[in-house]
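Colleague: Here it is: the structure, laid out below.
The values are calculated or read from the model by the stated rules, or taken from the named source; none is laboratory data. Everything numeric in this text was worked out from a predicted model, so none of it was measured. Don't worry about glycine lacking a Cβ; one is built from the backbone with ideal geometry, like all the others, and counts go over all protein chains shown.
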């Protein structure tokens with residue numbers, strides 16, 4: 001609705017439309033035509049929902065993959081709710097790219113236009129206590145023998161959980177900034193970055209949290225934008241690691257941002273936590289540095305491998321986990 | 001510990017010992033010897049836990065199925081935490097029966113000694129509203145077309161959830177009473193009963209809840225009990241359906257009871273809910289009657305089929321669900 005002026009009278013494609021709710025919002029905002037595409041059987045319901053809301057003239061539901069369906073015109077706007085856990089896990093960004101390259105007019109709009117994936121070190125004593133330290137004394141019985149199994153059960157895989165700003169040890173690092181106008185499919189195969197954090201407090205480091213935000217910016221100063229005139233101030237993921245990236249961006253357009261950060265209201269995406277098997281005591285101002293790589297699993301292309309290397313206080317560790 | 005006098009100096013077998021905690025409790029209660037049996041790899045940890053607590057002389061961990069492991073003596077006591085969701089889903093009661101028939105001395109003790117599975121009609125407007133009615137108006141959009149899919153997604157399978165006593169429309173019906181001294185393996189293949197409820201209030205009937213309790217009674221008046229002298233006042237599941245069974249039993253031994261009823265503090269078993277796809281408005285004193293059958297699935301012997309037939313206000317329905 002904030003971009004109604006650009007949607008009014010325009011042709012829209014909704015990538016992965018689900019129930020069709022975003023397509024209907026676009027129709028309500030005055031779109032001339034909306035192609036609602038979904039490969040799943042939900043397209044059947046979307047068609048009925050559209051009909052029940054007397055929008056069958058405007059919203060055309062296409063049951064199929066964006067790679068396969070045919071749309072006989074170029075579109076002005078792409079909308080999509082494509083984001084997965086950790087932004088990229090089971091995400092539909094690839095379909096958005098395909099739709100963009102197949103149908104988007106030069107200067108067309110993509111909503112959301114950009115996404116940023118963040119990483120930050122966290123402390124979470126309650127979680128560690130409940131899952132791990134619990135076994136040290138169970139009704140007076142020493143069950144420490146359970147600790148290795150408990151650590152593996154609790155922390156082998158990434159955990160989708162809600163934490164708060166109080167769990168976060170310092171400003172986050174930008175793992176990946178996605179400009180939806182320019183990102184290419186091959187960039188999604190593997191995302192890698194080096195990070196360097198400086199803890200703002202003395203606390204046990206229990207792991208790292210991922211979260212993301214997405215921006216909804218309209219075209220900048222004209223109704224025609226091109227990739228090179230993108231209204232976004234791109235956050236480069238090639239920033240030197242000793243630059244602490246600021247989460248709050250200054251943008252003359254003040255774009256609408258959907259944030260899944262720990263300090264913001266919880267969403268169904270929550271945050272994704274990578275817990276260490278053993279916490280590391282860090283002092284205030286102590287450096288935590290290393291690298292992280294998110295990549296498609298060879299075992300199953302829907303799985304995501306998270307390779308996390310971290311060093312602090314002269315010791316270095318690697319944590320491998322698989323998002324299944 | 002309440003049965004310490006019977007455990008002291010006796011031989012115990014713990015069926016499905018897990019971490020070994022019940023075996024250790026028995027050792028602490030003075031058992032002469034405890035055989036801790038588990039077929040899963042957790043037996044490795046159980047052995048370590050026993051050792052760490054200096055009980056390796058008393059607690060003998062056996063990694064294997066009760067059908068396969070060898071114990072070269074008869075035992076005085078069987079303990080087991082065998083209960084699954086809906087009491088019988090993925091339960092280890094079969095292993096307890098096997099252990100009893102292989103090793104329990106005539107007059108020996110089984111803890112828990114009995115279990116009772118209950119069924120009651122429930123009302124749950126909040127749950128129905130959140131899962132189903134939600135779709136009638138989503139941000140002003142009529143999404144009623146989603147209702148069939150929503151009902152199937154939400155209510156096709158049994159739901160393990162916590163409800164409260166306020167959700168329950170009337171006294172529960174005893175679906176099955178298990179006397180651990182006398183129950184036979186073939187009784188577990190299929191459990192069937194007819195029920196007749198009289199709603200204590202006017203409310204929409206949203207479904208039915210299962211829950212159970214288990215009793216820990218010692219031997220009655222002597223240290224030797226036989227099945228026919230069982231200290232339990234058995235609740236027959238052949239009671240005439242117009243008898244409203246009382247949940248509170250009067251038992252001179254006042255046995256310790258672990259209850260998973262909605263009016264009692266929640267447990268990890270919660271309750272098992274079978275929701276109707278469409279609620280039925282019932283008046284105060286209205287009769288809800290029918291039958292329920294729990295049986296092993298032919299598709300997969302670990303699955304449990306729940307066949308629920310219910311009639312009220314002159315209409316009759318059947319709900320089939322599978323606990324996977």
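Yes/no matrix, rows are residues, columns are (1) more than 14 Å from chain A (Cβ to nearest Cβ); (2) under 17 Å from residue B:34 (Cβ atoms); (3) at pLDDT below 95; (4) assigned to a loop (DSSP other than H, G, I, E, B):
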residue	(1), (2), (3), (4)
B:51	no, yes, no, no
B:62	yes, yes, no, no
B:67	yes, no, no, yes
B:77	yes, yes, no, no
B:94	yes, no, no, no
B:98	yes, no, no, no
B:102	yes, yes, no, no
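Colleague: Here's a follow-up. Of the residues B:73, B:81, B:90, which is at pLDDT 95 or above and surrounded by fewer than 16 Cβ atoms within 10 Å (Cβ to Cβ)? Explain how you work it out, then say what you get.
Modeller: Values: B:81 fails: surrounded by fewer than 16 Cβ atoms within 10 Å (Cβ to Cβ); B:90 fails: at pLDDT 95 or above.
Step by step, each of B:73, B:81, B:90 is checked, and only B:73 is at pLDDT 95 or above and surrounded by fewer than 16 Cβ atoms within 10 Å (Cβ to Cβ).
Colleague: Based on this model, can you work out whether residue A:41 counts as surrounded by fewer than 24 Cβ atoms within 10 Å (Cβ to Cβ), within 17 Å of residue A:111 (Cα to Cα), under 27 Å from the mean Cα position of the chain (by Cα) and within 14 Å of chain B (Cβ to nearest Cβ)? Give the steps one after another, and end with the answer.
Modeller: Values: surrounded by fewer than 24 Cβ atoms within 10 Å (Cβ to Cβ): yes; within 17 Å of residue A:111 (Cα to Cα): no; under 27 Å from the mean Cα position of the chain (by Cα): yes; within 14 Å of chain B (Cβ to nearest Cβ): yes.
Judged against the criteria, residue A:41 is not a match.
Colleague: Quick one: which of B:189, B:156, B:161 is surrounded by fewer than 18 Cβ atoms within 10 Å (Cβ to Cβ), in contact (Cβ under 8 Å) with a residue 24 or more places away in the chain and within 20 Å of residue A:44 (Cβ to Cβ)?
Modeller: Going through B:189, B:156, B:161 in turn, the sole match is B:156.
Colleague: While we're looking at this one, here's another question. Give the residues of segment B:131-140 that are within 16 Å of residue A:51 (Cβ to Cβ) and either at pLDDT below 95 or facing chain A (nearest Cβ under 8 Å) (or both), sorted by residue number.
Modeller: Result: B:138, single match.
Colleague: Okay, next question. Looking at segment B:6-13, is at least one residue more than 20 Å from residue A:140 (Cβ to Cβ), away from every other protein chain (no Cβ under 14 Å), modelled with pLDDT under 95 and not in a strand (DSSP E or B)?
Modeller: At the first step, the residues of segment B:6-13 found to be more than 20 Å from residue A:140 (Cβ to Cβ) are B:6, B:9-11, B:13.
When the remaining residues are screened for being away from every other protein chain (no Cβ under 14 Å), the result is B:6, B:9-11, B:13.
Then drop every residue that is not modelled with pLDDT under 95, which leaves B:6.
Narrowing the set further to residues that are not in a strand (DSSP E or B) leaves B:6.
Checking segment B:6-13: at least one residue is more than 20 Å from residue A:140 (Cβ to Cβ), away from every other protein chain (no Cβ under 14 Å), modelled with pLDDT under 95 and not in a strand (DSSP E or B).
Colleague: Sticking with this structure for a sec: Collect the residues in segment A:311-323 that are surrounded by 14 or more Cβ atoms within 10 Å (Cβ to Cβ) and over 15 Å from residue A:210 (Cα atoms), keeping them in residue-number order.
Modeller: Initial filter on segment A:311-323 (surrounded by 14 or more Cβ atoms within 10 Å (Cβ to Cβ)): A:311-312, A:317, A:319, A:321-323.
Within segment A:311-323, A:311, A:312, A:317 qualify.
Colleague: Restricting the search to segment A:104-140, which residues are assigned to a loop (DSSP other than H, G, I, E, B), at negative phi, without any contact (Cβ under 8 Å) to a residue 40 or more places away in the chain and in contact with a helix residue (DSSP H, G or I) (Cβ under 8 Å, 6 or more places away or on another chain)?
Modeller: Within segment A:104-140, the first condition is being assigned to a loop (DSSP other than H, G, I, E, B), and the residues that meet it are A:112-113, A:123-124, A:132, A:137, A:139-140.
If we keep only those that are at negative phi too, we end up with A:112-113, A:123-124, A:132, A:137.
From what is left, the residues that are without any contact (Cβ under 8 Å) to a residue 40 or more places away in the chain are A:132, A:137.
The one that is assigned to a loop (DSSP other than H, G, I, E, B), at negative phi, without any contact (Cβ under 8 Å) to a residue 40 or more places away in the chain and in contact with a helix residue (DSSP H, G or I) (Cβ under 8 Å, 6 or more places away or on another chain): A:132.
Colleague: Ok, one more. Residue B:46 versus (1) under 30 Å from residue B:162 (Cβ atoms); (2) assigned to a loop (DSSP other than H, G, I, E, B); (3) more than 22 Å from the chain's Cα centre (by Cα): which is the lone unmet condition?
Modeller: With (1) under 30 Å from residue B:162 (Cβ atoms); (2) assigned to a loop (DSSP other than H, G, I, E, B); (3) more than 22 Å from the chain's Cα centre (by Cα) applied to residue B:46, the lone miss is (2).
Colleague: Separate question: Would you confirm whether or not segment A:14-36 contains a residue that is within 13 Å of residue B:145 (Cβ to Cβ), outside any strand (DSSP E or B) and in contact (Cβ under 8 Å) with a residue 40 or more places away in the chain?
Modeller: Here is the first cut: in segment A:14-36, the ones within 13 Å of residue B:145 (Cβ to Cβ) are A:18-21, A:24.
Those left that are additionally outside any strand (DSSP E or B): A:18-21, A:24.
So of that shortlist, the ones also in contact (Cβ under 8 Å) with a residue 40 or more places away in the chain come out as A:18, A:20.
Yes.
Colleague: Next question. I'm checking my understanding of the structure. Among residues of segment B:18-38 that are within 14 Å of another protein chain (Cβ to nearest Cβ) and within 15 Å of residue B:71 (Cα to Cα), which one is surrounded by the most Cβ atoms within 10 Å (Cβ to Cβ)?
Modeller: The residue in question is B:36.
Colleague: Looking only at segment A:141-159, which residues are out of contact with any helix residue (DSSP H, G or I) (no Cβ under 7 Å at 6 or more places or on another chain) and either in a helix (DSSP H, G or I) or facing chain B (nearest Cβ under 8 Å) (or both)?
Modeller: Of the residues in segment A:141-159, the ones out of contact with any helix residue (DSSP H, G or I) (no Cβ under 7 Å at 6 or more places or on another chain) are A:148, A:151-153, A:155-159.
Listed by number, the residues that qualify are A:148, A:151, A:152, A:153, A:155.
Colleague: Quick check on segment A:1-8. Is at least one of its residues touching a residue at least 60 places away in the same chain (Cβ under 8 Å) and surrounded by 22 or more Cβ atoms within 10 Å (Cβ to Cβ)?
Modeller: Among the residues of segment A:1-8, at least one is touching a residue at least 60 places away in the same chain (Cβ under 8 Å) and surrounded by 22 or more Cβ atoms within 10 Å (Cβ to Cβ), which makes the answer yes.
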